[in-house]
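**Q** Right, I'll just put the structure down here and ask away after.
The values are calculated or read from the model by the stated rules, or taken from the named source; none is laboratory data. Bear in mind the structure is a predicted one, so any value in this text is a computation, not a measurement. With ideal geometry, Cβ positions are generated from the backbone for all residues, glycine too; neighbour counts draw on all protein chains shown. Protein only, heavy atoms only, side chains kept; ligands, DNA and RNA dropped before computing areas. Shrake-Rupley method; radii C 1.70, N 1.55, O 1.52, S 1.80 Å.
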Amino acid sequence: MTTAAPFRLSNRVQSLKPSSTVAVTTRALELRRAGIDVISMSVGEPDFDTPPHIKAAAVAAIESGKTKYTGVNGIPELREAISAKFARENGLSHAPDAVTVTSGGKQALFNAFFALLNPGDEVLIPAPYWVSYPEMVAFTGAVPVPVPTTPETGFMLDPAEVEARITPRSRMIILNSPGNPTGAVFSPEVLRAVAALAMRHGLIIVTDEMYEHLVYDAEQISIGTYAPDHTLTINGASKAYAMTGWRIGYAGGPKSVIAAMNAIQSQSTSNASSISQYAALAALEQHEATTEFIDMARAAYRQRRDAIVSGLNALGLPTPTPEGAFYVMADTTKLHADELEAARLILDQGRVAVVPGTDFGAPGQVRLSYATSLEQIGEVLRRIGGVLEGQP
């Protein structure tokens, strides 16, 4: 017999909102356990395997005994390689002591928010947004302030909408370009204008550039080139190098911010996996092999993007063409005005798992990941078409 635990949970953890996607995810698992074929279009990770030269570096690290603690901020060689990468690929000047390595990009964000935000601070976040941004911000006691974008503009951010929401309590702007869930790539003009706002109002920009190499029809610019003293740039190995499970993220920015993030990490997780760090080092140093892999993956994603966008639009589900990442946002109001109900219909009747836009700040829409094969995409379109045919 179980009884109530003789303790209470913290107010902070009780303030976290349960995900509205849990019900759909749970239902998908129930169907699979019952032996029903469900295609998942919800997973936000590459379907490619980690490249061989990266895996070989990890094996070599293990065999040579590089399995001990490292510095909290990462091995010097990796921080030097990241510093060189920032200069080479992003036009950013971050010395190795202005770089930190974390257990995934999410930890870099978490450390940054706790290093920079106080209760009551306001944080501007373009919507639709990745689900963790507002929850992490709220966890610090700060206040997330959504800045709307629209499908009609391809979810392009309007700097005037940002400026209209700046108040004396504003502290931070979070950017994600290319973005999850929309695939939007903010233009140089937009980034320049947002950088000017940050400098004028004394705000810090936290830019998540995890999908920077997955850009198809646009120019990828790091906003830190426009406002270097006001920008913290966060990236990682997960998406570009198909290393989601290796958990390597990193950040570069003002030394005072990086030092504060290191202090937080020193009292939480300590260093990222030593083995994963040496694998990421190989990804950054063996340019030719890594670039070959990225080019292959990007070409495949472009084909898949074109197939799913044209297919969903042909079904009457308006879907803007994303310029980056590997997600599309489809308007499912033709199925049901409530995106949760639309996702349930697609799952129960079509046996396809998609993510409702509720927690992305995207009512009436669902997100589909096209990090899967063209054959799978074709079957998904066929199944969703069957669901639509069955609607009154």
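**Q** Can you tell me the accessible area per residue over region 1-108, all protein chains present, probe 1.4 angstrom, in square angstrom? Walk me through the numbers on the way to the answer.
**A** Values: 6500 Å² over 108 residues.
Computed with neighbouring chains in place, this is 60 Å² per residue.
**Q** Between ALA337 and SER266, how high is the FRET efficiency from 1/(1 + (r/R0)^6) when r is the Cβ-Cβ distance and R₀ = 56 Å? Nearest 0.05.
**A** 0.70
**Q** Another one. Please say if region 313-358 is rounded, prolate or oblate, where rounded means a/c under 1.5 for a ≥ b ≥ c the square roots of the C-alpha gyration tensor eigenvalues, and otherwise the choice is prolate for a/b larger than b/c and oblate otherwise?
**A** Here region 313-358 falls in the prolate category.
**Q** Here is a follow-up. Round to a whole number: what % of the accessible area of region 55-138 belongs to carbon and sulfur, probe 1.4 Å? Before the final figure, lay out each step's value.
**A** Details: 1890 of 3360 Å².
Here it works out to 56 percent.
**Q** On to the next question. By how many nm would the segment from ASP348 to GLN14 lengthen if fully extended, with 0.36 nm per residue of separation less the alpha-carbon distance?
**A** Fully extending the segment from ASP348 to GLN14 adds 117.1 nm.
**Q** For the chain, what does the alpha-carbon gyration tensor say about shape, rounded, prolate or oblate, given a ≥ b ≥ c as the root eigenvalues, a/c under 1.5 as rounded, and a/b over b/c as prolate?
**A** It is rounded, given that a/c, with a ≥ b ≥ c, falls under 1.5.
**Q** Continuing with this model, one more query. Under a 10 Å cutoff between Cα atoms, tell me which one of ALA164, ALA307, ALA195 has the largest fluctuation in the Gaussian network model of the chain.
**A** ALA164
**Q** Another one. Given the Cα-Cα distance of LYS55 and LYS255 and 0.36 nm per residue of separation, how much length would full extension add, in nm?
**A** Stretched fully, the LYS55-LYS255 segment lengthens by 68.8 nm.
**Q** Moving to a separate point now. May I ask for the net charge around ARG165, where only other residues with Cβ less than 15 Å from the Cβ of ARG165 are counted and Lys, Arg are +1 while Asp, Glu are -1? Mind showing how you got there, number by number?
**A** Details: positive: ARG169, ARG171, ARG200; negative: ASP121, GLU122, ASP158, GLU161, GLU163.
Every neighbour counted, the sum reads -2.
**Q** Moving to a separate point now. Taking the Cβ of HIS287 as the center, what net charge do the other residues with Cβ under 11 Å away carry, scoring Lys and Arg +1 and Asp and Glu -1?
**A** Numbers: positive: LYS85, ARG88; negative: GLU89, GLU285, GLU288, GLU292.
Result for the neighbourhood of HIS287: -2.
**Q** Leaving ligands and nucleic acids out of the surface, order GLU209, GLU189, GLU152 by accessible area at 1.4 Å, largest first.
**A** Listed by decreasing accessible area, they come as GLU152, GLU189, GLU209.
**Q** Let me ask something else. Choose one answer from THR67, THR182, THR149: the residue with the largest mean-square fluctuation in a GNM of the chain with alpha-carbon springs under 10 Å.
**A** Between THR67, THR182, THR149, it is THR67 that shows the largest mean-square fluctuation.
**Q** Suppose accessible area is computed on protein heavy atoms with a 1.4 Å probe; arrange SER103, SER170, SER268 from highest to lowest.
**A** Correct descending sequence by accessible area is SER268, SER103, SER170.
**Q** Roughly to the nearest percent, how much of the accessible area of region 159-209 is carbon and sulfur, given a 1.4 Å probe?
**A** C and S fraction of accessible area: 53 percent.
**Q** Say R0 is 35 Å: what FRET efficiency, to the nearest 0.05, do GLU63 and ASP295 get from their beta-carbon distance? Intermediate values should be presented prior to the final figure.
**A** On the way: r = 30 Å, r/R0 = 0.86.
Step by step, r from the Cβ atoms, then E = 0.70.
**Q** Rounded, prolate or oblate: which fits region 129-276, taking a ≥ b ≥ c as square roots of the Cα gyration tensor eigenvalues, rounded meaning a/c under 1.5, else prolate when a/b beats b/c?
**A** Oblate shape, in that a/c is at least 1.5 and b/c is the bigger or equal ratio.
**Q** Might you report the magnitude of the Cβ-based charge dipole of the chain about its Cα centre, with Lys and Arg at +1 and Asp and Glu at -1, to the nearest 20 debye? It would help to have the intermediate numbers written out before the result.
**A** On the way: 31 positive and 39 negative charges, 217 e Å.
My answer is approximately 1040 debye.
**Q** For the chain, what does -39500 (n - 2.57) per DSSP helix run (n ≥ 4), summed and divided by total residues, give at 222 nm, in deg cm²/dmol to the nearest 500?
**A** So the helix-based figure for the chain works out to -12500 deg cm²/dmol.
**Q** Follow-up question, since we're still on this one. Quick check for me: using +1 on Lys/Arg Cβ and -1 on Asp/Glu Cβ, what's the dipole size of region 184-295 about its Cα centre, in debye to the nearest 20?
**A** Dipole size: approximately 560 debye.
**Q** Counting only other residues whose beta carbon sits under 14 Å from that of ALA60, what net charge do I get with K and R as +1, D and E as -1?
**A** -1
**Q** Antiparallel DSSP bridges in the chain: what percent, to the nearest 5?
**A** 45
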